[in-house]
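Novice: This is the structure, below, for whatever I ask next.
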Amino acid sequence: MFDPFVWSLVLIVGLSLFGYSIGISMLVGSIVFLAGRGFDTSIASETLLQGLFNSYTLLSIPLFILAADIMNTGSLADRLLRFSQAVVGRFRGGLGHVNVFSSLIFSGMSGSAIADAVGMGRIIINMMTKNGQYTPAYAAAITAASATIGPIIPPSIPMVLYALVSDTSIGFLFAAGILPGLLMGAMLMIMNAIIATRRNFPRDEVVPIRAIPGVTFRAIPALLLPVILLGGIYGGIMTPTEAAAVAAAYALVVSVVVYRSVSAGQFYTTLLNSARSTAAVGILIAGALAFNYVITRQDVPANLASFIQQFDLSPIGFLLAINLLMLVLGCVLEGGAILLIIIPIFIPTAQALGIDMVHFGVVVVVNAMLGLITPPYGLLLFVVANITRQPVGNIVRELLPFLAALLVALAIITFVPDFVLFLPRLLGYRG
(Lines give C-alpha, C1' and ligand atoms only; values in the text may rest on other atoms or scores of the structure.)
Protein backbone atom coordinates (compact mmCIF):
# COMPACT_ATOMS: atom_id res chain seq x y z
CA MET A 1 0.00 0.00 0.00
CA PHE A 2 1.31 3.46 -0.94
CA ASP A 3 1.56 5.64 2.16
CA PRO A 4 2.84 9.13 1.19
CA PHE A 5 4.16 9.81 4.70
CA VAL A 6 6.19 6.59 4.79
CA TRP A 7 7.57 7.27 1.33
CA SER A 8 8.53 10.80 2.32
CA LEU A 9 10.48 9.41 5.30
CA VAL A 10 12.16 6.81 3.09
CA LEU A 11 13.19 9.51 0.63
CA ILE A 12 14.58 11.77 3.33
CA VAL A 13 16.67 8.99 4.85
CA GLY A 14 17.73 7.60 1.49
CA LEU A 15 18.80 10.93 0.00
CA SER A 16 20.70 11.81 3.19
CA LEU A 17 22.58 8.50 3.06
CA PHE A 18 23.56 9.25 -0.54
CA GLY A 19 25.15 12.52 0.51
CA TYR A 20 22.43 15.08 -0.16
CA SER A 21 21.93 17.78 2.47
CA ILE A 22 19.21 17.07 4.99
CA GLY A 23 17.47 20.31 3.98
CA ILE A 24 17.15 19.30 0.32
CA SER A 25 16.12 15.79 1.37
CA MET A 26 13.29 17.19 3.51
CA LEU A 27 12.09 19.44 0.70
CA VAL A 28 11.93 16.49 -1.71
CA GLY A 29 10.20 14.29 0.87
CA SER A 30 7.66 17.03 1.63
CA ILE A 31 6.81 17.52 -2.05
CA VAL A 32 6.33 13.75 -2.49
CA PHE A 33 3.98 13.71 0.53
CA LEU A 34 1.92 16.61 -0.83
CA ALA A 35 1.69 15.05 -4.30
CA GLY A 36 0.77 11.66 -2.84
CA ARG A 37 -2.05 13.19 -0.77
CA GLY A 38 -3.36 15.15 -3.76
CA PHE A 39 -2.43 18.54 -2.32
CA ASP A 40 -1.06 21.39 -4.42
CA THR A 41 2.73 20.98 -4.22
CA SER A 42 3.12 24.76 -4.17
CA ILE A 43 2.03 24.53 -0.52
CA ALA A 44 5.65 23.60 0.25
CA SER A 45 6.87 26.90 -1.21
CA GLU A 46 4.10 28.87 0.48
CA THR A 47 4.83 27.31 3.88
CA LEU A 48 8.54 27.93 3.43
CA LEU A 49 8.10 31.61 2.50
CA GLN A 50 5.59 32.29 5.28
CA GLY A 51 7.91 30.71 7.81
CA LEU A 52 10.85 32.79 6.66
CA PHE A 53 8.98 36.08 6.30
CA ASN A 54 7.27 35.75 9.66
CA SER A 55 10.51 35.02 11.52
CA TYR A 56 12.37 38.28 11.96
CA THR A 57 14.74 36.56 14.37
CA LEU A 58 16.16 34.41 11.56
CA LEU A 59 18.02 37.49 10.33
CA SER A 60 20.32 37.12 13.32
CA ILE A 61 21.77 33.85 12.01
CA PRO A 62 23.74 35.19 9.00
CA LEU A 63 24.88 38.16 11.08
CA PHE A 64 26.22 35.98 13.90
CA ILE A 65 27.93 33.76 11.31
CA LEU A 66 29.56 36.83 9.73
CA ALA A 67 30.71 38.14 13.12
CA ALA A 68 32.33 34.79 13.96
CA ASP A 69 34.06 34.59 10.56
CA ILE A 70 35.44 38.12 10.91
CA MET A 71 36.81 37.31 14.37
CA ASN A 72 38.47 34.18 13.04
CA THR A 73 40.02 36.10 10.14
CA GLY A 74 41.40 38.89 12.31
CA SER A 75 43.69 38.72 15.32
CA LEU A 76 40.95 38.67 17.95
CA ALA A 77 41.46 34.96 18.55
CA ASP A 78 45.20 35.42 19.14
CA ARG A 79 44.66 38.18 21.68
CA LEU A 80 41.98 36.25 23.50
CA LEU A 81 44.27 33.21 23.70
CA ARG A 82 47.08 35.31 25.15
CA PHE A 83 44.67 36.69 27.75
CA SER A 84 43.51 33.15 28.59
CA GLN A 85 47.13 32.04 29.00
CA ALA A 86 47.73 34.85 31.45
CA VAL A 87 44.72 33.84 33.55
CA VAL A 88 44.80 30.02 33.67
CA GLY A 89 47.95 28.88 31.87
CA ARG A 90 50.03 28.76 35.05
CA PHE A 91 48.27 25.62 36.36
CA ARG A 92 49.22 22.03 35.51
CA GLY A 93 47.75 21.08 32.18
CA GLY A 94 47.71 24.81 31.53
CA LEU A 95 47.10 24.76 27.79
CA GLY A 96 44.13 22.45 28.31
CA HIS A 97 42.69 25.02 30.71
CA VAL A 98 43.49 27.76 28.20
CA ASN A 99 41.61 25.77 25.57
CA VAL A 100 38.43 25.62 27.67
CA PHE A 101 38.73 29.17 29.06
CA SER A 102 39.21 30.69 25.62
CA SER A 103 36.17 28.77 24.37
CA LEU A 104 34.12 30.27 27.20
CA ILE A 105 35.15 33.76 26.08
CA PHE A 106 34.74 33.08 22.38
CA SER A 107 31.31 31.59 23.09
CA GLY A 108 30.13 35.07 24.02
CA MET A 109 30.91 36.25 20.49
CA SER A 110 30.31 33.56 17.89
CA GLY A 111 27.26 31.43 18.78
CA SER A 112 28.67 28.53 16.76
CA ALA A 113 30.53 25.41 17.87
CA ILE A 114 32.08 24.93 14.43
CA ALA A 115 33.35 28.53 14.35
CA ASP A 116 34.96 27.97 17.75
CA ALA A 117 36.67 24.74 16.69
CA VAL A 118 37.85 26.01 13.31
CA GLY A 119 39.03 29.43 14.48
CA MET A 120 40.22 29.39 18.08
CA GLY A 121 40.60 25.61 18.08
CA ARG A 122 43.08 25.50 15.23
CA ILE A 123 45.38 27.95 17.03
CA ILE A 124 45.25 26.26 20.44
CA ILE A 125 45.77 22.78 18.95
CA ASN A 126 48.98 23.99 17.32
CA MET A 127 50.08 25.47 20.65
CA MET A 128 49.31 22.26 22.56
CA THR A 129 51.09 19.92 20.14
CA LYS A 130 54.15 22.11 19.73
CA ASN A 131 57.26 20.40 21.15
CA GLY A 132 55.19 17.28 21.90
CA GLN A 133 53.72 18.63 25.14
CA TYR A 134 50.33 17.06 24.40
CA THR A 135 49.37 14.32 21.97
CA PRO A 136 47.45 15.53 18.90
CA ALA A 137 44.53 13.27 19.84
CA TYR A 138 44.24 14.81 23.33
CA ALA A 139 44.46 18.34 21.94
CA ALA A 140 41.75 17.49 19.41
CA ALA A 141 39.53 15.87 22.05
CA ILE A 142 39.51 18.76 24.50
CA THR A 143 39.08 21.23 21.63
CA ALA A 144 36.00 19.39 20.37
CA ALA A 145 34.58 19.09 23.88
CA SER A 146 35.09 22.77 24.71
CA ALA A 147 33.64 23.88 21.37
CA THR A 148 30.26 22.48 22.45
CA ILE A 149 30.01 25.40 24.88
CA GLY A 150 29.90 27.88 21.97
CA PRO A 151 26.15 27.68 21.32
CA ILE A 152 25.21 27.49 25.01
CA ILE A 153 26.61 30.81 26.20
CA PRO A 154 24.90 33.60 24.24
CA PRO A 155 24.74 34.48 21.45
CA SER A 156 23.59 31.10 20.17
CA ILE A 157 22.46 30.10 16.68
CA PRO A 158 20.85 26.81 17.88
CA MET A 159 18.83 28.75 20.46
CA VAL A 160 17.56 30.99 17.66
CA LEU A 161 16.44 27.84 15.84
CA TYR A 162 14.71 26.56 18.98
CA ALA A 163 12.99 29.92 19.44
CA LEU A 164 11.74 29.62 15.86
CA VAL A 165 9.93 26.33 16.51
CA SER A 166 8.80 27.00 20.09
CA ASP A 167 7.88 30.70 20.03
CA THR A 168 10.08 31.27 23.09
CA SER A 169 11.81 34.55 23.95
CA ILE A 170 15.35 34.57 22.55
CA GLY A 171 16.44 37.05 25.20
CA PHE A 172 15.42 34.77 28.07
CA LEU A 173 16.89 31.73 26.26
CA PHE A 174 20.20 33.55 25.96
CA ALA A 175 20.15 34.43 29.65
CA ALA A 176 19.30 30.84 30.57
CA GLY A 177 22.37 29.55 28.73
CA ILE A 178 24.97 31.52 30.69
CA LEU A 179 25.15 29.45 33.90
CA PRO A 180 24.88 26.07 32.09
CA GLY A 181 27.70 27.14 29.76
CA LEU A 182 29.90 28.11 32.69
CA LEU A 183 29.05 24.80 34.39
CA MET A 184 30.12 22.87 31.28
CA GLY A 185 33.39 24.79 31.18
CA ALA A 186 34.04 24.12 34.86
CA MET A 187 33.40 20.38 34.43
CA LEU A 188 35.82 20.22 31.49
CA MET A 189 38.53 22.09 33.41
CA ILE A 190 38.12 19.77 36.40
CA MET A 191 38.49 16.74 34.13
CA ASN A 192 41.51 18.30 32.42
CA ALA A 193 43.11 18.92 35.84
CA ILE A 194 42.54 15.28 36.86
CA ILE A 195 44.05 13.95 33.62
CA ALA A 196 46.91 16.46 33.74
CA THR A 197 47.85 15.30 37.24
CA ARG A 198 47.73 11.62 36.27
CA ARG A 199 49.79 12.13 33.12
CA ASN A 200 52.05 14.81 34.56
CA PHE A 201 51.22 17.34 31.85
CA PRO A 202 53.35 20.50 31.90
CA ARG A 203 52.37 23.92 33.11
CA ASP A 204 52.22 26.59 30.46
CA GLU A 205 54.57 29.52 30.31
CA VAL A 206 53.77 31.59 33.38
CA VAL A 207 52.87 35.17 32.48
CA PRO A 208 54.35 37.53 35.11
CA ILE A 209 51.76 39.31 37.24
CA ARG A 210 53.12 42.67 36.10
CA ALA A 211 52.44 41.73 32.46
CA ILE A 212 48.80 40.75 32.99
CA PRO A 213 47.41 44.35 32.85
CA GLY A 214 49.08 44.89 29.48
CA VAL A 215 47.78 41.59 28.09
CA THR A 216 44.32 42.42 29.37
CA PHE A 217 44.41 45.93 27.90
CA ARG A 218 45.29 44.61 24.44
CA ALA A 219 42.38 42.14 24.66
CA ILE A 220 39.82 44.66 25.93
CA PRO A 221 38.32 45.53 22.50
CA ALA A 222 37.61 41.83 21.93
CA LEU A 223 36.44 41.23 25.50
CA LEU A 224 33.96 44.10 25.24
CA LEU A 225 31.89 42.40 22.54
CA PRO A 226 29.95 40.06 24.89
CA VAL A 227 29.40 42.97 27.28
CA ILE A 228 27.99 45.14 24.49
CA LEU A 229 25.78 42.34 23.17
CA LEU A 230 24.31 41.20 26.48
CA GLY A 231 24.10 44.71 27.91
CA GLY A 232 22.26 45.93 24.84
CA ILE A 233 19.80 43.02 24.82
CA TYR A 234 18.98 42.97 28.53
CA GLY A 235 19.13 46.74 28.83
CA GLY A 236 16.32 46.98 26.30
CA ILE A 237 18.50 48.92 23.86
CA MET A 238 18.34 46.37 21.04
CA THR A 239 16.67 43.13 20.09
CA PRO A 240 18.74 39.93 19.66
CA THR A 241 18.53 40.39 15.87
CA GLU A 242 19.78 43.96 16.13
CA ALA A 243 22.48 42.72 18.51
CA ALA A 244 23.67 40.31 15.81
CA ALA A 245 24.08 43.25 13.40
CA VAL A 246 25.98 45.17 16.07
CA ALA A 247 28.22 42.15 16.69
CA ALA A 248 29.13 41.89 13.01
CA ALA A 249 29.77 45.63 12.70
CA TYR A 250 31.79 45.75 15.94
CA ALA A 251 33.93 42.74 14.95
CA LEU A 252 34.66 44.42 11.60
CA VAL A 253 35.58 47.76 13.17
CA VAL A 254 37.81 46.18 15.81
CA SER A 255 39.56 43.90 13.30
CA VAL A 256 40.06 46.57 10.61
CA VAL A 257 40.46 49.83 12.54
CA VAL A 258 41.74 48.87 16.00
CA TYR A 259 43.84 45.76 15.33
CA ARG A 260 44.37 46.36 11.57
CA SER A 261 44.44 42.63 10.96
CA VAL A 262 41.94 42.21 8.11
CA SER A 263 42.72 43.30 4.55
CA ALA A 264 40.17 44.01 1.80
CA GLY A 265 40.94 40.65 0.20
CA GLN A 266 40.51 38.78 3.48
CA PHE A 267 37.23 40.56 4.13
CA TYR A 268 35.93 39.56 0.68
CA THR A 269 36.88 35.93 1.36
CA THR A 270 35.17 36.15 4.75
CA LEU A 271 31.96 37.40 3.14
CA LEU A 272 32.02 34.48 0.68
CA ASN A 273 32.56 31.93 3.47
CA SER A 274 29.78 33.48 5.54
CA ALA A 275 27.42 33.39 2.55
CA ARG A 276 28.13 29.68 2.04
CA SER A 277 27.53 28.90 5.71
CA THR A 278 24.34 30.97 5.73
CA ALA A 279 23.08 29.18 2.61
CA ALA A 280 23.68 25.80 4.25
CA VAL A 281 21.72 26.83 7.36
CA GLY A 282 19.02 28.42 5.18
CA ILE A 283 18.44 25.22 3.22
CA LEU A 284 18.16 23.28 6.47
CA ILE A 285 15.58 25.74 7.84
CA ALA A 286 13.63 25.72 4.56
CA GLY A 287 13.46 21.94 4.51
CA ALA A 288 12.45 21.82 8.16
CA LEU A 289 9.65 24.35 7.68
CA ALA A 290 8.21 22.33 4.79
CA PHE A 291 8.55 19.02 6.61
CA ASN A 292 7.02 20.43 9.80
CA TYR A 293 3.92 21.14 7.72
CA VAL A 294 3.92 17.47 6.69
CA ILE A 295 4.25 16.37 10.31
CA THR A 296 1.36 18.63 11.29
CA ARG A 297 -0.88 17.33 8.52
CA GLN A 298 -0.03 13.77 9.58
CA ASP A 299 -1.04 14.72 13.15
CA VAL A 300 2.20 13.30 14.52
CA PRO A 301 2.44 15.58 17.61
CA ALA A 302 -1.05 14.69 18.83
CA ASN A 303 -0.54 10.99 18.20
CA LEU A 304 2.80 11.05 19.99
CA ALA A 305 1.30 12.93 22.92
CA SER A 306 -1.41 10.29 23.24
CA PHE A 307 1.20 7.53 23.08
CA ILE A 308 3.34 9.13 25.80
CA GLN A 309 0.33 9.66 28.06
CA GLN A 310 -0.13 5.89 28.21
CA PHE A 311 3.10 5.66 30.22
CA ASP A 312 1.99 8.33 32.70
CA LEU A 313 5.43 9.97 32.67
CA SER A 314 6.28 12.66 35.19
CA PRO A 315 8.06 15.81 33.95
CA ILE A 316 11.37 14.37 35.17
CA GLY A 317 10.69 11.06 33.44
CA PHE A 318 9.82 12.88 30.22
CA LEU A 319 13.03 14.94 30.34
CA LEU A 320 15.06 11.82 30.98
CA ALA A 321 13.43 10.13 27.98
CA ILE A 322 14.16 13.21 25.83
CA ASN A 323 17.80 13.17 26.93
CA LEU A 324 18.21 9.51 26.03
CA LEU A 325 16.45 9.96 22.68
CA MET A 326 18.50 13.01 21.73
CA LEU A 327 21.79 11.41 22.72
CA VAL A 328 20.95 8.50 20.43
CA LEU A 329 19.75 10.75 17.59
CA GLY A 330 22.85 12.90 18.01
CA CYS A 331 24.94 9.94 16.90
CA VAL A 332 23.33 9.98 13.45
CA LEU A 333 21.68 13.41 12.95
CA GLU A 334 23.00 16.96 12.83
CA GLY A 335 22.00 19.16 15.77
CA GLY A 336 20.13 21.74 13.70
CA ALA A 337 18.04 19.04 12.08
CA ILE A 338 17.12 17.61 15.49
CA LEU A 339 16.04 21.03 16.78
CA LEU A 340 13.97 21.82 13.70
CA ILE A 341 12.41 18.42 13.00
CA ILE A 342 12.32 16.30 16.15
CA ILE A 343 11.83 18.83 18.95
CA PRO A 344 8.61 20.45 17.56
CA ILE A 345 6.97 17.04 17.86
CA PHE A 346 7.63 16.95 21.62
CA ILE A 347 6.89 20.59 22.49
CA PRO A 348 3.10 20.09 22.96
CA THR A 349 3.72 17.19 25.34
CA ALA A 350 6.32 19.16 27.28
CA GLN A 351 3.86 22.04 27.65
CA ALA A 352 1.11 19.67 28.77
CA LEU A 353 3.40 18.31 31.48
CA GLY A 354 4.11 21.84 32.72
CA ILE A 355 7.77 21.88 31.68
CA ASP A 356 9.12 25.40 31.29
CA MET A 357 9.89 26.12 27.62
CA VAL A 358 13.06 28.11 28.38
CA HIS A 359 14.42 25.30 30.55
CA PHE A 360 13.39 22.74 27.93
CA GLY A 361 15.17 24.79 25.27
CA VAL A 362 18.47 24.79 27.14
CA VAL A 363 18.20 21.04 27.78
CA VAL A 364 17.61 20.18 24.12
CA VAL A 365 20.29 22.59 22.84
CA VAL A 366 22.89 21.08 25.21
CA ASN A 367 21.86 17.64 23.98
CA ALA A 368 22.17 18.75 20.37
CA MET A 369 25.69 20.06 21.05
CA LEU A 370 26.75 16.81 22.67
CA GLY A 371 25.65 15.13 19.46
CA LEU A 372 28.46 17.02 17.73
CA ILE A 373 31.04 14.96 19.61
CA THR A 374 29.38 11.54 19.62
CA PRO A 375 30.46 8.96 17.04
CA PRO A 376 29.95 7.92 14.34
CA TYR A 377 28.76 11.20 12.77
CA GLY A 378 29.76 13.87 15.31
CA LEU A 379 30.61 16.85 13.12
CA LEU A 380 33.15 18.31 15.54
CA LEU A 381 35.02 15.01 15.54
CA PHE A 382 35.62 15.35 11.81
CA VAL A 383 36.56 19.02 12.13
CA VAL A 384 39.30 18.39 14.70
CA ALA A 385 40.39 15.19 12.95
CA ASN A 386 40.94 17.24 9.81
CA ILE A 387 42.97 19.81 11.75
CA THR A 388 45.18 17.26 13.54
CA ARG A 389 45.28 14.52 10.85
CA GLN A 390 44.38 12.02 13.58
CA PRO A 391 42.07 9.00 13.19
CA VAL A 392 38.64 9.69 14.65
CA GLY A 393 38.96 6.56 16.81
CA ASN A 394 42.03 7.94 18.60
CA ILE A 395 40.22 11.22 19.27
CA VAL A 396 37.13 9.44 20.60
CA ARG A 397 39.21 7.48 23.12
CA GLU A 398 40.67 10.71 24.51
CA LEU A 399 37.26 12.38 24.38
CA LEU A 400 35.38 9.88 26.56
CA PRO A 401 36.37 11.42 29.94
CA PHE A 402 35.32 14.87 28.71
CA LEU A 403 32.05 13.49 27.38
CA ALA A 404 31.41 11.95 30.80
CA ALA A 405 32.05 15.33 32.44
CA LEU A 406 29.61 17.01 30.05
CA LEU A 407 26.97 14.36 30.79
CA VAL A 408 27.24 15.20 34.49
CA ALA A 409 26.67 18.85 33.59
CA LEU A 410 23.69 17.81 31.44
CA ALA A 411 22.18 15.92 34.38
CA ILE A 412 22.40 19.03 36.59
CA ILE A 413 20.95 21.22 33.83
CA THR A 414 18.08 18.77 33.28
CA PHE A 415 17.08 18.01 36.84
CA VAL A 416 17.72 21.40 38.50
CA PRO A 417 15.60 23.83 36.46
CA ASP A 418 16.05 26.59 39.05
CA PHE A 419 19.76 26.62 38.18
CA VAL A 420 18.97 27.25 34.51
CA LEU A 421 16.20 29.78 35.18
CA PHE A 422 18.01 31.78 37.87
CA LEU A 423 19.31 34.54 35.55
CA PRO A 424 16.16 34.78 33.38
CA ARG A 425 14.08 35.29 36.52
CA LEU A 426 16.43 38.02 37.68
CA LEU A 427 15.72 39.72 34.35
CA GLY A 428 11.94 39.49 34.77
CA TYR A 429 11.07 36.07 33.38
CA ARG A 430 7.85 34.78 34.92
CA GLY A 431 8.31 31.06 34.13
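Novice: So how tilted is helix 170-199 from the main axis of the chain? Cα-based, degrees 0 to 90, rounded to 10.
Specialist: Taking the Cα atoms of the chain, the angle to 170-199 is about 50 degrees.
Novice: Something else now. Going by average Cβ density within 10 Å per residue, which order do the peptides 126-138, 179-191 take, highest to lowest?
Specialist: Final packing ranking: 179-191, 126-138.
Novice: Can you send over the carbon and sulfur percentage of the accessible area for the chain, probe radius 1.4 Å, protein chains only?
Specialist: Exposed carbon and sulfur together represent 67 percent of the surface.
Novice: Additional query: Can you give the Kirkwood hydrodynamic radius of the range 201-353 from its Cα pairs, in Å with one decimal? Don't skip to the answer; put the middle values down first.
Specialist: Working: mean 1/r = 0.0490 Å⁻¹.
Computed over Cα pairs of the range 201-353, the Kirkwood hydrodynamic radius comes out at 20.4 Å.
Novice: How big is D for the range 228-280, in µm² s⁻¹ as a whole number, if Stokes-Einstein is applied with the Kirkwood radius of its Cα pairs at 25 °C and 0.890 mPa s?
Specialist: The estimated diffusion coefficient comes to 198 µm²/s.
Novice: What translational D, rounded to a whole number of µm²/s, comes out for the range 294-431 from Stokes-Einstein when the hydrodynamic radius is the Kirkwood one over Cα pairs, at 4 °C and 1.567 mPa s?
Specialist: Details: Rh = 16.4 Å.
Approximately 79 µm²/s, per Stokes-Einstein.
Novice: What Kirkwood hydrodynamic radius do you get for the range 66-189 when you take the inverse of the mean 1/r over all pairs of distinct Cα atoms, in Å? Walk me through the intermediate numbers first.
Specialist: Values: mean 1/r = 0.0688 Å⁻¹.
Result for the range 66-189, one decimal place: 14.5 Å.
Novice: Further question on the same structure: First measure r as the distance between the Cβ atoms of Val10 and Ile209, then evaluate 1/(1 + (r/R0)^6) with R0 = 56 Å and state the FRET efficiency to the nearest 0.05.
Specialist: 0.30
Novice: How big is the charge dipole of the chain about its Cα centre, in debye rounded to the nearest 20, if each Lys and Arg gets +1 on its Cβ and each Asp and Glu gets -1 on its Cβ? Display every interim value, and only then the final one.
Specialist: Values: 19 positive and 16 negative charges, 318 e Å.
Roughly 1520 debye for the chain.
Novice: Still on this structure, I have one more. Helix 240-253 versus the longest principal axis of the chain: what is the Cα-based angle in degrees, 0 to 90, to the nearest 10?
Specialist: 40 degrees
Novice: Contact order normalised by length for the range 314-381, with contacts defined as Cα pairs under 8 Å and 6 or more residues apart; what percent is it?
Specialist: Details: 70 pairs, mean separation 31.6, N = 68.
Dividing the mean separation by the residue count of the range 314-381 yields 46 percent.
Novice: What base-10 log of the normalised intensity I(q)/I(0) is obtained for the range 86-153 from the Debye formula, alpha carbons as equal point scatterers, at q = 0.13, 0.19 Å⁻¹?
Specialist: After summing over all Cα pairs, the log10 values are -0.30, -0.64.
Novice: Enter the accessible area per residue of the range 119-271 (Å², integer; probe 1.4 Å; all protein chains in place). Intermediate values should be presented prior to the final figure.
Specialist: Values: 6320 Å² over 153 residues.
Spelled out: the 1.4 Å probe surface of the range 119-271, per residue, equals 41 Å².
Novice: So for the pair Ile24, Asp78, with labels modelled 7 Å out along Cα→Cβ, what separation do we get in nm?
Specialist: 3.9 nm
Novice: Where in the range 144-159 does the label zone of Ala280 land, with the point 7 angstrom along Cα→C-beta and an amide N cut-off under 16 Å?
Specialist: Answer for this model: 148, 151, 157-158.
Novice: If packing is taken as the average number of other Cβ atoms within 10 Å across a peptide's residues, how do 156-164, 82-90, 22-30, 3-11 rank, most packed first?
Specialist: On the way: 156-164: 26.6, 82-90: 21.0, 22-30: 23.8, 3-11: 16.6.
Packing proxy ranking, top to bottom: 156-164, 22-30, 82-90, 3-11.
Novice: Starting from the Cα of Leu272, step 7 Å along the direction of its Cβ; do the same at Thr135; then give the gap between the two resulting points in nm.
Specialist: Label at Leu272, label at Thr135, 3.9 nm between them.
Novice: A further question follows. Mind ordering 402-409, 62-69 by average Cβ neighbours within 10 Å, highest first? Walk me through the intermediate numbers first.
Specialist: Numbers: 402-409: 18.5, 62-69: 25.8.
Descending packing order for the listed peptides: 62-69, 402-409.
Novice: On C-alpha positions alone, give me the angle between the axis of helix 379-388 and the longest principal axis of the chain, in degrees, nearest 10.
Specialist: That works out to roughly 30 degrees.
Novice: Above 28 angstrom, tally the Cα pairs of the range 140-278 and express them as a % of all pairs, no decimals.
Specialist: Numbers: 3374 of 9591 pairs.
Here the tail beyond 28 Å accounts for 35 percent of pairs.
Novice: In addition: For labels at Arg425 and Leu313 in the simple 7 Å Cα→Cβ model, what's the distance in nm?
Specialist: Between Arg425 and Leu313, the label points sit 2.5 nm apart.
Novice: Using Cα pairs under 8 angstrom and six or more residues apart, how large is the relative contact order of the range 197-309, in percent?
Specialist: Values: 22 pairs, mean separation 14.4, N = 113.
Rounded, it is 13 percent for the range 197-309.
Novice: For the range 147-216, take every pair of Cα atoms, bin their distances at 10 Å starting from 0, and report each bin as a whole percent.
Specialist: 18, 27, 29, 19, 8, 0
Novice: Still on this model: Rolling a 1.4 angstrom probe over the protein heavy atoms, how many square angstrom per residue are accessible across the range 355-431? Could the numbers behind the result be given before it?
Specialist: Numbers: 3050 Å² over 77 residues.
It amounts to 40 Å² per residue over the range 355-431.
Novice: Shifting gears a bit: So what is log10(I(q)/I(0)) for the range 311-372 at q = 0.20 1/Å, when the Debye sum runs over its Cα atoms only?
Specialist: For the requested q values the scattering log ratios are -0.70.
Novice: Can I ask one more? Above 39 angstrom, tally the Cα pairs of the chain and express them as a % of all pairs, no decimals.
Specialist: Numbers: 17084 of 92665 pairs.
Above the 39 Å cut-off, the chain has 18 percent of its Cα pairs.
Novice: Quick one: length gained pulling Arg90 to Asp167 fully straight, 0.36 nm per residue minus the C-alpha distance? The partial results should precede the final answer.
Specialist: Details: separation 77, 0.36 × 77 = 27.72 nm, distance 4.48 nm.
That pair, Arg90 and Asp167, stretches by 23.2 nm at full extension.
Novice: Could you identify which residue out of Val392, Val364, Val420 has the top mean-square fluctuation in a GNM of the chain using Cα springs shorter than 10 Å?
Specialist: Highest fluctuation of the listed residues: Val392.
The values are calculated or read from the model by the stated rules, or taken from the named source; none is laboratory data. Keep in mind it's a predicted model, so treat the numbers as computed, not measured. Note that we place each Cβ from the backbone using ideal geometry, even for glycine, and neighbour counts take in every protein chain shown. Ligands, DNA and RNA are excluded from the accessible area calculation, which covers all protein heavy atoms including side chains. Shrake-Rupley method; radii C 1.70, N 1.55, O 1.52, S 1.80 Å.
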